[in-house]
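S.K.: The structure under discussion is supplied below as structure tokens; questions concerning it will follow.
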Amino acid sequence: TDNCRNRTNQSCSYGCQTYWSDCSSKCQTCYSDNCRNRTAVSVPANATCSSYYSDCSSKCSAWSCNSGYEKSGNSCVKIDPCAGVTGLTCSYGCASTGSCGECTSCKSNPDCDVTSLSCSYGCASTNSCGKCTACKSNPDCDVTSKSCSYGCKTTNSCGKCTECESCTPDSSAVTPIGSCGCSRWEEIDIGCGLTAMSCAVQRPCDGGNSTGGGGGGDDNRWDINDVVPRF
């Protein structure tokens with residue numbers, strides 16, 4: 001009733017495509033691939049098929065986004081080059097920025113650009129970078145200057161008087177009375193702000209007596225204590 005005895009049955013990897021018309025139990029031709037059982041994936045815009053089915057080279061099995069794009073669901077979106085970019089956090093301000101506006105370098109501490117003062121008597125204060133910004137004053141200037149009656153002898157580096165001049169009255173300027181007393185006295189300057197009584201005219205001695213006469217005596221002689229302060 002059929003011609004099967006004269007037909008060869010094909011052994012197929014992907015199934016039989018057609019059977020013999022006069023022997024429906026034997027395969028005449030096989031499918032060359034499995035494409036009939038494969039569904040190609042839909043490749044979205046800005047994407048490329050990255051792989052094909054091994055048993056159906058004409059149908060795409062997977063896709064990937066092109067360069068500059070990233071997968072978002074079933075589509076490819078443009079990659080934001082600034083996404084995830086973080087800049088530096090600067091204490092003294094940003095010195096330079098990148099293409100995304102992020103800070104790429106920081107400004108240095110402006111206190112470090114200050115020229116440190118050179119101090120003769122030590123530094124009084126420093127800034128945040130350790131640079132000296134104020135000097136200690138001359139300690140000599142804290143000294144109380146002496147008040148001197150006869151002028152200052154020595155001053156310190158700040159011009160404060162530390163030692164006074166001394167003064168000795170000039171007793172040699174006074175003429176003492178003679179043995180016979182003094183006829184006329186006068187007040188003279190003996191220095192150091194003092195005056196003294198000096199004998200201007202000696203009293204003559206009667207009879208040429210060098211030891212007496214005229215009522216002269218020790219009470220009339222000049223003494224260093226006979227001085228008068230000059231104001």
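Quick note: the coordinates plus some simple rules give every number you see, no bench work behind them. Note that this is a predicted model, so its numbers are computed, not measured. Here the Cβ positions follow ideal geometry from the backbone for every residue, glycine too, while neighbour counts run over all protein chains shown.
S.K.: Is it true that Asp142 is surrounded by fewer than 13 Cβ atoms within 10 Å (Cβ to Cβ) and charged (D, E, K, R)?
M.R.: In short, yes.
S.K.: State whether one or more residues within region 81-95 are assigned to a strand (DSSP E or B), more than 30 Å from Asn6 (Cα to Cα) and touching a strand residue (DSSP E or B) at 6+ places or on another chain (Cβ under 7 Å).
M.R.: Taking every residue of region 81-95 in turn, at least one turns out to be assigned to a strand (DSSP E or B), more than 30 Å from Asn6 (Cα to Cα) and touching a strand residue (DSSP E or B) at 6+ places or on another chain (Cβ under 7 Å).
S.K.: Which of the following residues is assigned to a loop (DSSP other than H, G, I, E, B) and either surrounded by fewer than 11 Cβ atoms within 10 Å (Cβ to Cβ) or hydroxyl-bearing (Ser, Thr, Tyr) (or both): Ser42, Ser50, Ser25?
M.R.: Ser42
S.K.: Is it the case, given these coordinates, that Gly87 is among the small types (Gly, Ala, Ser), out of contact with any Pro (no Cβ under 8 Å at 6 or more places or on another chain), touching a residue at least 12 places away in the same chain (Cβ under 8 Å) and under 30 Å from Thr104 (Cβ atoms)?
M.R.: yes
S.K.: Would you be able to say whether some residue in region 90-103 is under 18 Å from the mean Cα position of the chain (by Cα), among the acidic types (Asp, Glu) and on the phi < 0 side of the Ramachandran plot?
M.R.: The answer is no, given that none of the residues of region 90-103 is under 18 Å from the mean Cα position of the chain (by Cα), among the acidic types (Asp, Glu) and on the phi < 0 side of the Ramachandran plot.
S.K.: Same structure, new question: Kindly indicate the residue of region 147-164 that is assigned to a loop (DSSP other than H, G, I, E, B) and touching an Asp or Glu at 6+ places or on another chain (Cβ under 8 Å) and also nearest to Cys192 (Cα to Cα) among those meeting that condition.
M.R.: The selected residue is Tyr150.
S.K.: Yes or no: region 188-210 includes at least one residue that is touching a Phe, Trp or Tyr at 6+ places or on another chain (Cβ under 9 Å) and in a loop (DSSP other than H, G, I, E, B).
M.R.: Scanning region 188-210, I find at least one residue that is touching a Phe, Trp or Tyr at 6+ places or on another chain (Cβ under 9 Å) and in a loop (DSSP other than H, G, I, E, B), so the answer is yes.
S.K.: So, in region 53-71, of the ones that are free of Cβ contacts under 8 Å to residues at least 40 places away in the same chain and not in a strand (DSSP E or B), which residue ends up farthest from the chain's Cα centre (by Cα)?
M.R.: Among them, the one singled out is Ser54.
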